[in-house]
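These notes concern the structure reproduced below.
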Amino acid sequence: MSKQMMLEVTEVEPLTPLVTRFRFEHPEKAPLPIFSGGAHVVVEMPDGEMLRRNAYSLISDPNDASGYEIAVRREETGRGGSRYMHSEVTPGTRMRISVPTNLFALDPRARKHVLIAGGIGITPFLSHLRQLDLLQQPFELHYAARSRDEAAGLKLLPKSARIHVQISDEGNRMDLGEILTDQPIGTHVYVCGPEGLISAVLDAAARHGWPKGALHSEAFASPPPGKPFTVTLAKSGRTIEVSASQSLLEALEAAKVEIDWSCRGGACGRCETKVAACDGQIEHNDHWLSRDERAEQKKIMPCMSRFTGAALVLDL
Amino acid sequence: MTLQFNDETFRGDYSYFNTEHAIKRLPFPFDRDEYVYSVNIEAHPGGPKGSPFEFRFDVDEHYVSEMKDRAITLDDDPLRCQSLPHMELAGWDLLEIIMVSKAEDYTDLFTLHRDGNRWHWINRPLGIEQRFTFLDPTTLPCGPMEYITRQTQGDFALLHERDGNLWMDAGMVTSQADWSLDFDIGMNFFEWHAPVPKAKQMGVFDKALKFLLAMQQGQSYRRLNWTMTVNPRLDTSPENYHKWGPEKRTITPENVGRKQHLRIELQSFWRLPRSNAIAFPIRCYLACLEDICTQPKWGRRLHRVLRDIDPTLAEYKGFAVNQDMIVNYLSQFDDGAPTSPGIFPDA
């Protein structure tokens, strides 16, 4: 679990009908820890009976200790975290925020950085751009969104010949083949957005012969809702119900089961949990376990993954 | 308390010495009467007042002489300090964390004034005053990591995180227990730990790496490590093995208490905010067996630890050749009485 700070919301600004920007500051205006481009924080939301914790990329200047900013897209079909942010949080609200953690850092060895964002996946790149500016490193940013309603980044991006925006509703599409051709040797590619965009970029890069070490991705993942299911804890024999709008991790936390976590998006590996018995199918929604590990069904990432079947017993 | 700095050498006539005060505050590395590998990590800073755990970067009576010794080593071999080009930001992170910490923790010795990026640093023990622009390397006489580590006791490795591993991409290493930055630079966590016996099979490195990668800023940690060194020499490097290796053969039953030193490493781990790199300071404390045995608990315990240690570890730590003489010497301080738990001496 991360170290946390109690911060106050000082600004709530709708960027588009779907996406809202929130600014957090220390109640006594104390400086906050500075951070590195691509870092995220975990925001705690006391949503009725449930304590939600969602990870959001920081979009503000990493060198600015006066406040943290995030942009949240309202997900009507999500578990409820983004709806809580949009409906319950106003200037003056105090919220617990973790210290920044970075799972999507720039590789400073790169001779050039190519940033590819889809939809709300623009958020980590907003702090990357500040860091690139500080380091004076060459880059180009390609930003695709379905519609202007979704394209929250438009308001936050500087005007630059190195920033290219494609709105698919307006008939513009990102040409990955062209982006990935003719880049200088030593270029690194970073992609953040929906699964489809990430796999398209990684596939295209593989076809064009890019080395794996030059490719970086961060799925914009929050735990998907699903059908309710039951888990049994091997050590205590307890059974815990996971509701449709809860992740397994949230259900374990609600039941006061101690479990380590950090990113809550299936990327950092901290909440990896051993499965003692599994009669059914684990829906692995994480990016941590390997293909083989998924097939074995002996481990699960409770922050993201769900279960369907007769019985799931965790080694807890 | 104003610190008095010893005038002493770590080579040649080896005039290094510990005052009684320095002995009592040694970070004795054994919390029980035996030594086994463990990932013995705890939060840092934090510890009794006056102990080397109290502050983020401990400054003690050896400070000024240690910095002189570092300068001599660097003059002979500039490759003891290296920073790959992408590590400059991590160097600034390190400079910031050390300057801010020292100025807060030792107000009589160090002062830092900051006006935006215009910084003014005063280091009284070394007689240094520097105005510079933070993040602008042209305003310092050398790179930021070299600048601050020429003024800070202990070796420093800066580890870059990528591909789920840590890479030793910068460092200042002049007081090391027989390892070489010039050899290890650019290696990953498993590569530079390859010479350590047994630990890999025990899964120690997988666990340690996992822990380090999960480390967040604002949460720093420490662990103690140790080895044995003949004469109070900081620079026991592979590069200079021809100078210090043969000294192992100068130990006699008469001089072992003065010449044989326990070399303690206070290692700490810091996630750096701007670069997301990890800083790994390795602070060295030297104490001869006579010094150690002034504390009855430590004399008893060190005897038992070195007598019963796994022979592979005695070999790896480089004292197997003198183990009998060392254990014989220490046995006179071991009356068989039980020792209290923990590392601190009995009051």
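Values in this text are rule-based calculations from the coordinates and carry no lab data. These numbers were taken from a predicted model, which means no experiment stands behind them. Ideal geometry is used to build each Cβ from the backbone, glycine not excepted, and the neighbour counts take in all protein chains shown.
Before moving on, here are some points about what is shown:
- Difference of contour (0.36 nm per residue) and Cα-Cα distance, A:A30 to A:K256: 78.1 nm
- In terms of surrounding Cβ atoms within a 10 Å radius of their Cβ, B:T133, A:T187 rank from fewest to most as B:T133, A:T187.
- Neighbour counts of C-beta atoms inside 10 Å place B:R11, B:R258 in the sequence B:R258, B:R11, starting with the fewest.
- Counting charges near A:G177 (Lys, Arg +1; Asp, Glu -1) among other residues having Cβ under 12 Å from its Cβ returns a value of -2.
- Phi-derived couplings, Karplus 6.51 cos²θ - 1.76 cosθ + 1.60 at θ = phi - 60°, listed residue by residue for segment B:225-233: 10, 7, 7, 10, 9, 8, 6, x, 9 Hz, with x used for Gly and Pro.
- Cross-link reach list, aspartates and glutamates versus B:K68, counting only Cα pairs under 18 Å and skipping chain neighbours closer than eight places: B:D7, B:E8, B:D13, B:D58, B:D60, B:D76, B:D77, B:E129, B:E146, B:D155, B:D235
- The mean number of partner chain beta-carbon atoms within 10 angstrom of a residue's beta-carbon across peptide B:89-101 is 1.
- Spatial separation of Cα centroids for segment A:26-45 and segment A:97-161, in angstrom: 18
- DSSP bridge pairs, the protein assembly as shown: antiparallel proportion in percent, nearest 5: 80
- Across B:K102/B:K200; A:K29/B:K102; A:K29/A:K155; A:K235/B:K49; B:K49/B:K243, pairs whose alpha-carbon gap is larger than 31 Å: B:K102/B:K200; A:K235/B:K49; B:K49/B:K243
- By the rule of a C-alpha distance below 23 Å, with chain neighbours fewer than 8 residues away ignored, the lysines paired with A:K112 are A:K159, A:K212.
- Taking a sphere under 11 Å around the Cβ of B:C81 and counting the other residues whose Cβ falls inside, with K and R at +1 and D and E at -1, yields a net charge of -1.
- A simple spin-label model places the labels of A:A310 and B:S38 4.4 nm from each other, with each point 7 Å out along Cα-to-Cβ.
- On the beta carbon distance between B:I72 and A:A244, with R0 = 60 Å, the FRET formula returns roughly 0.30.
- Most tightly packed first, judged by the mean number of other beta-carbon atoms within 10 Å of their residues, the peptides A:174-186, A:42-54, B:263-275 read B:263-275, A:42-54, A:174-186.
- Average other protein chain Cβ within 10 Å of Cβ, residues A:128-135: 1
- P(r) tail, chain B: Cα-Cα pairs separated by more than 31 Å, 32% of all pairs.
- Between B:S340 and B:D310, the C-beta separation translates, for a Förster distance of 25 Å, into a calculated FRET efficiency of about 0.55.
- Cysteines, the protein assembly as shown, no other Cys beta-carbon under 4.7 Å: A:C192, A:C271, A:C278, A:C303, B:C81, B:C142, B:C284, B:C288, B:C293
- Paramagnetic label reach from A:Q137 (point 7 Å along Cα→Cβ; backbone nitrogen cut-off under 11 Å): within segment A:153-170, no residues.
- Each Lys or Arg adds one and each Asp or Glu takes one away; over the other residues whose Cβ falls under 9 Å from the Cβ of A:R23, this sums to -3.
- Anchor B:K207: lysines whose Cα lies under 18 Å away (excluding residues fewer than 8 positions away in-chain): A:K274, A:K299, B:K198
- GNM on chain B, alpha-carbon springs under 10 angstrom: the most fluctuating residue among B:D334, B:D324, B:D115 is B:D115.
- Size of segment A:112-219 from its Cα atoms: along the principal axes, largest to smallest, the extents are 35, 31, 23 Å.
- Sites listed here are trypsin sites (Lys or Arg not before Pro) in segment B:39-142 whose DSSP assignment is loop and whose Cβ has at most 15 other Cβ atoms within 10 Å: B:K49.
- Less than 5 angstrom separates the built amide H of B:N18 from none of the residues sequence-distant by 5 or more or on a different chain.
- Inter-centroid distance (Cα atoms) of segment B:7-60 relative to segment A:210-272, Å: 42
- Across segment B:116-126, computed HN-Hα scalar couplings (Karplus, 6.51 cos²θ - 1.76 cosθ + 1.60, θ = phi - 60°) run x, 8, 8, 10, 9, 10, 10, 10, 5, x, 9 Hz from first to last residue, x flagging Gly and Pro.
- Of all the options B:H242, B:H44, B:H62, the one that moves most in a Gaussian network model of chain B with Cα springs shorter than 10 angstrom is B:H242.
- Ranking of A:T101, B:T2, A:T93 by neighbouring Cβ atoms within 10 Å, starting from the fewest: B:T2, A:T93, A:T101.
- Within 10 Å of the Cβ of each residue in B:268-276, the mean number of Cβ atoms contributed by other protein chains is 5.
- Segment B:333-342 - phi-based ³J(HN,Hα) in whole Hz, Karplus 6.51/-1.76/1.60, Gly and Pro as x: 9, 10, 8, x, 5, x, 10, 7, x, x
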